[in-house]
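All remarks here apply to the structure that follows.
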């Protein structure tokens, strides 16, 4: 049965987050609140956990998983980023954005997109998640918590526990999230002189990066 950690959204109890971090270190999957919706996270280097993450979501290896990072210094270790890309990232992090970038050699090949060799990366603003990332001392592999066959992310921690208690190790309950996905921006073309591409409109304002919401496509 999944462990349940009820924490304060603005002043989370460190002892509880340490217990959740220990679950991740042991290969567990934990449901966590974010600045967009609840997500499933696991240790980056645990192949078994990553495979379970995909099974719970019902997605294949062509679905972008996301590296959840505490700050830009971590993000730059896992993606190839030039000065122009870095300036754009700095202007929008932390925030409700997911950036698609060329994966560096630090990212296991099994985690990057099989054709494009890209990875999604983000730096969240949610206080509880940022504390967890700091305790974990490294990025977490993440995916939005959307049940197979459904289109909307789950947003009630108790419902998440009831539905997935035999598939995940823990649930961090810090109250309801916004239930709005991140804004997804593809920065890979910038590496060859192109422009950023707005893939999906979400919680992050694209104008903050000089983009128009009218350019959004389908993810």
| Scanning for something buried (at least 21 other Cβ atoms within 10 Å of the Cβ) and under 21 Å from residue 209 (Cα atoms), does segment 143-159 turn up at least one residue? | no
| request: Spot the failing condition for residue 19; the list is (1) modelled with pLDDT under 90; (2) touching a strand residue (DSSP E or B) at 6+ places or on another chain (Cβ under 7 Å); (3) within 23 Å of residue 163 (Cα to Cα), and only one is missed. | output: (1)
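Any chance you could count how many residues in segment 121-143 are modelled with pLDDT of 90 or more and not in a helix (DSSP H, G or I)? Lay out the reasoning, then the answer.
Within segment 121-143, the first condition is being modelled with pLDDT of 90 or more, and the residues that meet it are 121-136, 139-143.
Narrowing further to those that are not in a helix (DSSP H, G or I): 121-126, 139-143.
So the answer is 11.
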| Top-ranked residue of segment 90-104 - restricted to ones that are assigned to a helix (DSSP H, G or I) and touching a residue at least 40 places away in the same chain (Cβ under 8 Å), ranked as nearest to the chain's Cα centre (by Cα) | 92
| message | Considering only residues that are buried (at least 22 other Cβ atoms within 10 Å of the Cβ) and closer than 21 Å to residue 208 by Cβ, which ones fall in segment 97-125? | response | 97, 98, 99, 100, 101, 120, 121, 122, 123, 124
| For residue 191, are the conditions met, namely being modelled with pLDDT under 90, assigned to a helix (DSSP H, G or I) and farther than 26 Å from residue 55 by Cβ? | yes
| How many of the residues in segment 55-89 are touching a strand residue (DSSP E or B) at 6+ places or on another chain (Cβ under 8 Å), closer than 23 Å to residue 178 by Cα and modelled with pLDDT of 90 or more? | 7
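Hey, can you tell me all the residues within segment 15-33 that are outside any loop (DSSP other than H, G, I, E, B) and touching a helix residue (DSSP H, G or I) at 6+ places or on another chain (Cβ under 7 Å)?
17, 18, 20, 21, 24, 30, 31, 32
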| field | Hits in segment 38-60 (condition: surrounded by fewer than 23 Cβ atoms within 10 Å (Cβ to Cβ) and in a loop (DSSP other than H, G, I, E, B)) | value | 44, 45, 46, 58, 59, 60
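The values are calculated or read from the model by the stated rules, or taken from the named source; none is laboratory data. Values in this document were obtained by computation on a predicted structure and should not be read as measured data. Here Cβ is always computed from backbone atoms with ideal geometry, including for glycine, and neighbour counts include all displayed protein chains.
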